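Read the structure below first, then the notes.
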Amino acid sequence: MKRALATLKVIDKLYPIENADNLELATMVDSGWRVVVKKGEFQPGELCIYCEIDSVLPPKEEFAFLKNKNYRIRTIKLRGQISQGIIFPLSILPKTDGFVLKPGADVTDILGVTLYEEETKINGEAKGNFPSFIPKTDQPRIQNIPNFLDKYASNIVIVTEKLDGTSSTYYINNNEFGVCSRNLEIKESNNLYWQIAKKYDIENKLRDLNRNLAIQGEIIGPGIQKNVYQRISPELRLFDIYDIDKQRYVEWNEFINIAKRLAIPTVPVISEDKSINDITQNAENKLEAILQFADGKSALQSSQFREGIVIKCKEETIDPYEGRVSFKIISNQYLLKQK
């Protein structure tokens, strides 16, 4: 599913900001994002356009204030208040026949908004699109599904560190071996993804399992996101295994067993026996508590702020509206200090 970067949302509440007479903090209905706006520009109950962080806006006059940032929206701090995203009035929308202005409507394409992605150079050719029989490695941000924190508060969850690298997928399906980046399947050559495949002998190890499986992980090391973990050579850290025949992710215990058989390390595990209630200590505002929990140092490099955490149910759980119960919490500490 294509990510909605610009959506119509309803202003929920507006809060004053200390020592900022011309600014206020806006929250939105069914959203965990908070955005600093000009005082008096919006009113509670008003429909607006919300553009997420890491959105890249087109080089148009109404977005000229972002020109020196290459039109990319980032997490910022204004008068001591974290602001994530930008809220625009509906007036910037071009007229579109048949389009209904309603909460939740996706206006990403209408506005020409794209996603910022720092792609790793593969020095090779794409074999084709990412396989349709395997989910991509994208995880939704908790601010887009804040209701999960209450809905699945009592579920035992797995908490792992989100690593700042480049995601990859390796699969065996009907005797065919494939190597993929985040968005493409990659032809065999001396590129990063195939180097990792050969380093860990992934093809032969997957064939030995005699199952149609896809393993997914993060590659870290030299030339990747400034090598923040100070690795000597590229390394793979697994975070998911997908059963292609059953069209579902394997359960956590099976994931650990397969990873051991493959002799491939996993991403750092922070917790595997606590519920969301336990992690947030039953805080009234679970979102604020989980955001604070995401802060901290990386298990792989103590001088490095971790990018964040990923939370998923220990027993694979499918939400009837959003799909798999698995989401990421990007550390605000990391966003403000590292980017």
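Some points to look at:
- Neighbourhood net charge (14 Å Cβ-Cβ; Lys/Arg +1, Asp/Glu -1) for Ser298: +1
- Protection proxy ranking, peptides 17-25, 237-245, average beta carbon neighbours within 10 Å, highest first: 237-245, 17-25
- Charged neighbours of Ala289, selected by a Cβ distance under 14 Å, balance to -3 (K, R count +1; D, E count -1).
- Taking one quarter of the surface of the C-alpha convex hull of the stretch 1-128 gives a mean projected area of 10.3 nm².
- Shown here is the pair-distance distribution of the stretch 240-339: with all Cα-Cα distances grouped in 5 Å bins from zero up to the longest one, the shares run 2, 11, 17, 21, 20, 16, 10, 3, 0 percent.
- Which of Ser55, Ser298, Ser189 has the fewest Cβ neighbours within 10 Å, and the rest in rising order: Ser189, Ser298, Ser55
- In whole angstrom, the stretch 32-89 maps to an equivalent ellipsoid with semi-axes of 19, 15, 11, each derived as √(5λ) from the alpha carbon gyration tensor and ordered largest first.
- Here the extension length gained between Gln230 and Glu315 equals 27.2 nm, from 0.36 nm per residue of separation less the Cα-Cα distance.
- Coarse-grained scattering of the chain at q = 0.12, 0.16 Å⁻¹, given as base-10 log I(q)/I(0) from a Debye sum over alpha-carbon atoms: -0.95, -1.52
- Cleavage-rule hits (trypsin sites (Lys or Arg not before Pro)) in the stretch 151-214: DSSP loop, at most 16 neighbouring Cβ within 10 angstrom: Arg182, Lys187, Arg211
- Dipole magnitude of the chain, debye to nearest 20 (Cβ charges: Lys/Arg +1, Asp/Glu -1, about Cα centre): 760 debye
- Were the residues from Asp21 through Asp243 laid out at 0.36 nm apart, the gain over their Cα-Cα distance would be 74.4 nm.
- Treating r as the C-beta distance of Asn257 and Arg72 and R0 as 41 Å, the FRET efficiency rounds to 0.50.
Any read-out appearing in this document is the output of simple, stated calculations on the displayed coordinates, not a laboratory observation. Only a predicted model underlies this, so the values are computations on that prediction, with no experimental measurement involved. Cβ: placed from backbone, ideal geometry, glycine included. Neighbour counts: every protein chain shown.
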